[in-house]
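What follows is one structure encoded as C-alpha cells, with my remarks underneath.
The values are calculated or read from the model by the stated rules, or taken from the named source; none is laboratory data. Quick caveat, the model's predicted, so the values are computed rather than measured. Counting neighbours? That spans all protein chains shown, and the Cβs are built from the backbone with ideal geometry, glycine included.
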C-alpha cells in the first residue's frame, strides 16, 4: 500500500499549501518528481525547508521561498 501511495504522489503536479499551518517541508518532498507548482503563500509557521526541494527539477512555480544559510538564518 505504501509503495502504491508513493507512485501516485510522484504524479502530483500541484501542491497548494497556501495559508496552512505547516511548519516544515520534509526531505521526502524531493520524491515528488513531477511537481510543477508549489504554493507556500502565507505559511507563516513554515520554518524549515529540507534540501530535497532542490530535486524538484520540474518545478515551475514556487510561492514564498526564502533562501537561508546552512544554519537556517535568512
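Points to keep in mind about this one:
- Top-ranked residue of the range 25-50 - restricted to ones that are modelled with pLDDT under 85 and farther than 17 Å from residue 9 by Cα, ranked as surrounded by the most Cβ atoms within 10 Å (Cβ to Cβ): 49
- Selection status of residue 53, at pLDDT below 85, within 12 Å of the chain's Cα centre (by Cα) and not in a strand (DSSP E or B): yes
- Extreme residue, surrounded by the most Cβ atoms within 10 Å (Cβ to Cβ), among residues of the range 4-20 that are in a helix (DSSP H, G or I) and at pLDDT 75 or above: 9
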